[in-house]
Amino acid sequence: MYEGALQDLIDELGRLPGVGPKSAQRLAFHLLASDPVDVRRLAETMLVVKEKARFCSICGNVSEDEQCRICRDPRRDDAVICVVEEAKDVVAVERTREFRGRYHVLGGAISPMEGIGPDQLRIRELLARLNDSVVQEIILAMDPNIEGDATATYLRRMLDPMGLTVTRLASGLPVGGDLEYADEVTLGRAFAGRRAAQ
């Protein structure tokens, strides 16, 4: 559509997840109209992130060091590991301030349609962490979708023979939601996960 560098920028932005053609075009024109100092700062920040950011050698979370701050924190409970799909899920759980254990980031979820099987995930690393007999509970905090369910089922089958407590996050109706707008799966999970009224 456009020519030269502008079209190249639109094409590259369009390769980012969640950025469609219209959004890529809008971002490209925003950058074109931005002050060169701001654009340079953005480009330099992206290069620094690519250079410095790595994945924690223990849990797979994003870190600038060999181990992330959570794995280095001696106050965390070593007996409980929360297994999540992506590093961004660690941030979501941490924001709740409800969990004080350790994490394990799988790096995705089982998705045969995308060619992702158990061997492409950090499952071997998780099993290696369970050899020291310190861990007593594994919390499976996968996304409540087909891929997340498949991953949780696969992990549960692997972990059950080890004698660990394996739990899954409850799912159901969001606070402020209306029953009439809930889909059948969400409403079904809300019924299955019901607990005593408080």
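The values are calculated or read from the model by the stated rules, or taken from the named source; none is laboratory data. These numbers were taken from a predicted model, which means no experiment stands behind them. Neighbour counts run over all protein chains shown; Cβ positions are idealised from the backbone, glycine included.
Every test in (1) crowded, with 16+ Cβ neighbours inside 10 Å; (2) in the same structural domain as His104 (by TED's automatic domain parsing) is passed by Asp132 save one, and that test is (1).
Highlighted here are the helices (runs of 4 or more DSSP H) found entirely within the range 16-84 that include at least 1 residues which are hydroxyl-bearing (Ser, Thr, Tyr), loosely packed, with under 12 Cβ neighbours inside 10 Å and under 23 Å from the mean Cα position of the chain (by Cα): 36-52.
Matching residues to (1) among the aliphatic types (A, V, I, L, M); (2) free of Cβ contacts under 8 Å to residues at least 24 places away in the same chain; (3) under 20 Å from Ile139 (Cβ atoms); (4) touching an Asp or Glu at 6+ places or on another chain (Cβ under 7 Å):
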position	(1), (2), (3), (4)
Val19	yes, yes, no, no
Leu32	yes, no, no, no
Asp38	no, yes, no, no
Ala43	yes, yes, no, no
Ala87	yes, no, yes, no
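The conditions of being closer than 22 Å to Val83 by Cα and more than 23 Å from the chain's Cα centre (by Cα) are met by Met162.
In summary, Gln136 fulfils each of the numbered conditions (1) farther than 17 Å from Glu85 by Cβ; (2) in contact with a helix residue (DSSP H, G or I) (Cβ under 9 Å, 6 or more places away or on another chain) with the single exception of condition (2). Only one entry of Val93, Val62, Val84 meets the criterion of being modelled with pLDDT of 95 or more and in the same structural domain as Leu130 (by TED's automatic domain parsing), and that entry is Val84.
Applying the condition of being in the same structural domain as Leu126 (by TED's automatic domain parsing) and of a type in the set (Asp, Glu) to the range 140-193 and asking which residue is surrounded by the fewest Cβ atoms within 10 Å (Cβ to Cβ) yields Asp160. Can you confirm whether the range 143-155 contains a residue that is outside any helix (DSSP H, G or I), modelled with pLDDT of 95 or more and among the aromatic types (Phe, Trp, Tyr)? No, the range 143-155 contains no residue that is outside any helix (DSSP H, G or I), modelled with pLDDT of 95 or more and among the aromatic types (Phe, Trp, Tyr).
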